[in-house]
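The values are calculated or read from the model by the stated rules, or taken from the named source; none is laboratory data. Bear in mind the structure is a predicted one, so any value in this text is a computation, not a measurement. Glycine gets a Cβ as well: all are built from the backbone with ideal geometry, and neighbour counts include every protein chain shown. Please note that ligands, DNA and RNA were not included when accessible areas were found on the heavy atoms of the full protein model with its side chains. Shrake-Rupley method; radii C 1.70, N 1.55, O 1.52, S 1.80 Å.
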Amino acid sequence: MKNIVILISGRGSNMQAIVNAEIPNARIAAVLSNNENAAGLAWATERGIATDCLNHKSFGSRLEFDQAMMRKIDAYHPDLVVLAGFMRILTPEFCRRYEGRLINIHPSLLPAFTGLHTHERALEAGCRIAGCTIHFVTPELDCGPIISQGVVPVYDNDTADNIAARVLEVEHRLLPQAVADFVEGRLKINGNRVINLQHRPENQPLLA
Ligand code: GRF
């Protein structure tokens, strides 16, 4: 069994997708948050999953918060830490501690649109496609080796909310798959590339 610790800041629908996937050989050891009002915390608690929260506002610096969070995380001996809508910029110390076992879901086709408001920015840029990226986390924001990406169309009358909903469905498929692939040792990091040892048609890029 591999221990998974999931970090969230809000709704937690990606965390729910991981839990609901009942991934073989994966145990959701804990769901942690920086926001005590995160709806996902209540959802996890109801299902008997350990939860905990640290309010980043009660710490003097980003590093002090990260150090306290690392202590919480390490208590669960994680094999994998998943950032599932965890809206904090992480210190290099945090990223290095979990190097190779820390993954993030980002709602854009990286390297386009790192940071916030990705769907608004994709619309403003006139993009005809949008999507999400699952990647290993490195100290540079939203830049680590890419595990998988999902693509959706952008239609003429779309709003950022429409796109977000369309992309979210894809997130809910790709994130549990990435966790399962990690747990089964199928992901090999080679420089900035990730090789998935299991060939799957849906891992291939969208072709016209
Ligand atoms: C997702 O779109 C994720 O990609 C982004 O924040 C959102 C979190 O949604 N980082 P949820 O909390 O998983 O429902």
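Annotation: amide H-H contacts under 5 Å for Met87 (H modelled 1.01 Å from N, sequence separation of 5 or more, or interchain): Ser9. Remark: segment 1-129 carries 49 Å² of accessible area per residue (probe radius 1.4 Å; ligands, DNA and RNA excluded). Between the Cα long axis of helix 160-183 and the first principal axis of the chain there is an angle of about 60°, rounded to the nearest 10.
Taking packing as the residue-averaged number of other Cβ atoms within 10 angstrom, the listed peptides 101-111, 186-196 run from highest to lowest as 101-111, 186-196. Counting only alpha carbon atoms, the long axis of helix 62-74 and the longest principal axis of the chain meet at about 80°. Starting from the Cα gyration tensor of segment 56-208, take the square roots of the eigenvalues, sort them a ≥ b ≥ c, and report rounded, prolate or oblate (rounded when a/c is under 1.5, otherwise prolate if a/b is larger than b/c, else oblate). Oblate is the answer for segment 56-208, as a/c is 1.5 or above yet b/c matches or exceeds a/b. Taking 0.36 nm per residue of separation and subtracting the current Cα-Cα distance, fully stretching the chain between His77 and Tyr155 would add 23.6 nm.
For the chain, relative contact order (Cα pairs under 8 Å, six or more residues apart, normalised by length) works out to 19 percent.
With all protein chains in place and a 1.4 Å probe, the accessible surface of the chain carries 50 percent carbon and sulfur. The slack in the chain from Leu63 to Asn3, taken as 0.36 nm per residue of separation less the alpha-carbon distance, amounts to 19.1 nm. Comparing Phe113, Gly60, Ile129 along the charge dipole axis of the chain, the residue lying farthest to the positive side is Gly60, per the Cβ-charge model. Each peptide among 117-129, 46-58, 25-37 gets the average number of other Cβ atoms lying within 10 Å of its residues, and from highest to lowest they stand as 25-37, 117-129, 46-58. The charge dipole of the chain, taken about its Cα centre with unit charges on the Cβ of Lys, Arg, Asp and Glu (plus for the first two, minus for the last two), comes to roughly 460 debye.
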